[in-house]
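The values are calculated or read from the model by the stated rules, or taken from the named source; none is laboratory data. Quick caveat, the model's predicted, so the values are computed rather than measured. So basically every Cβ, Gly included, is an ideal-geometry build from the backbone, and we count neighbours across all protein chains shown. Just so you know, the surface numbers come from the protein's heavy atoms only, side chains and all, with ligands and any DNA or RNA stripped out. Shrake-Rupley method; radii C 1.70, N 1.55, O 1.52, S 1.80 Å.
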Amino acid sequence: MRRVYTSNETLSLVEYQPCDDRALYDCWLDPEVQKGYNGFVPADSFEAFQQGNQKRLEDYINGETRELFFAMIRCNRTGELVGALGISPPPTEADLSIRIFAPYRRQGYGASAFALAAEYATEVLQIKELHAGAYPDNIGSQKMLERCGFVPVAPCPPEKHYLTGENVIQMDYVYSPN
């Protein structure tokens, strides 16, 4: 049985469990997912990925984690896990990131999960300002963020993408409930 952090009529944000590692790793192997991240390099094998997640879970339990919040996204109708999301901890800006597993993309799960996570972050975690990023060519993510109440602000400074080495600029979006 998983702890349910929050839910709406469509989705629940539920506790991560080690049995989720295969789905998370397979999702990471998708080039579209890797293209959307900058600076986070998971392990190069499933076994190393599992070990890293076990360490992350131990760090979370001990209060020493890279993420303020991490949850799996579960479809209430089917009970299937459709993705995962996380919020980075202080001292960085609270940044919400999401991964929707390939078979469930473009079905509204991302927008529903983002809205649910933004509400949870501000009401339960007491985060005053939540950030999210989207690359300029990712029009779908930009539209989703705006539908969820995120407002575009100035682009982030250019940075080198860790996979390609190319300069990339990510658009910054902010959600503030007030």
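Solvent exposure of Cys19, expressed as accessible area, is near 100 Å², computed with a probe of 1.4 Å over the protein chains only. Estimated at 0.36 nm per residue, the fully extended path between Glu146 and Met1 surpasses their Cα-Cα distance by 48.8 nm.
Report the net charge of residues surrounding Pro177, where surrounding means a beta-carbon distance below 10 angstrom and charges are Lys +1, Arg +1, Asp -1, Glu -1. After counting each charged neighbour, the total is -2.
The order of Leu96, Leu125 by accessible area, most exposed first and with a 1.4 Å probe, is Leu125, Leu96. The stretch between Asp30 and Lys128 holds 32.0 nm of extra length on full extension. This uses 0.36 nm per residue minus the Cα-Cα distance.
Cβ-Cβ distance of Asp44 and Asp95, R₀ of 25 Å, FRET efficiency by 1/(1 + (r/R0)^6): the value works out to about 0.55.
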